[in-house]
1. Filtering the range 22-53 down to residues that are in a helix (DSSP H, G or I) and surrounded by fewer than 11 Cβ atoms within 10 Å (Cβ to Cβ), which residue is nearest to the chain's Cα centre (by Cα)?
2. Among the numbered conditions (1) at pLDDT below 85; (2) surrounded by 10 or more Cβ atoms within 10 Å (Cβ to Cβ); (3) outside any helix (DSSP H, G or I), tell me where Val62 comes up short.
3. Just name the residue that is nearest to Leu54 (Cα to Cα) out of those in the range 2-21 that are part of a loop (DSSP other than H, G, I, E, B) and not basic (Lys, Arg).
4. For a quick check of your reading of the model, give me the residue pairs whose first member lies in the range 22-50 and is within 20 Å of Arg5 (Cα to Cα), whose second is modelled with pLDDT of 95 or more and of a type in the set (Lys, Arg), with beta-carbon atoms closer than 6 Å and at least 6 apart or on different chains.
Amino acid sequence: MSTKRKTYSADFKAKIVLEVLETEKTLNEIASKYELLPANVKNWKKIFLENMGLAFDKSALVKEYKTEIETLKTDKDNLAKKVGNLIVEKKTF
C-alpha cells in the first residue's frame, strides 16, 4: 500500500527554519521533534537563506513578475495572430 506524500505550508517551513536558526538545538533534533527528514529541513534552510533578501526588496520581485507577464501576453497575442492567419489561409484554399 502506498503512503500519501506529505506537503507542508510555507508558514510551517518558515517556522521550522527560524527554529533552526534561533535555537541551540541541532538540525537533527528539530527534525526529530517534528517528525521530519533532516534533509528536508536542510533544504528548506538553504532555500530560505538564498531568498531572504526578497523580504526587504519586494519591488524588484514585483517588477520581474510584471515583465514576465507582459512578455507572456505578447507571445500569446503573436500566437493568436498566427493561428488566425493560418485559419484564414486554410479557408481560402
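1. So the residue we want is Asn51.
2. So the condition that Val62 fails would be (3).
3. Within the range 2-21, the subset part of a loop (DSSP other than H, G, I, E, B) is 2-9.
Filter again for not basic (Lys, Arg), leaving 2-3, 7-9.
Values: Ser2: 38, Thr3: 35, Thr7: 23, Tyr8: 21, Ser9: 18 Å.
Only one residue tops the list, namely Ser9.
4. Correct list of pairs: Trp44/Lys13.
The values are calculated or read from the model by the stated rules, or taken from the named source; none is laboratory data. This structure is a prediction, so every number in the text was calculated from the model and none was measured. Cβ atoms come from the backbone with ideal geometry, glycine included; neighbour counts cover every protein chain shown.
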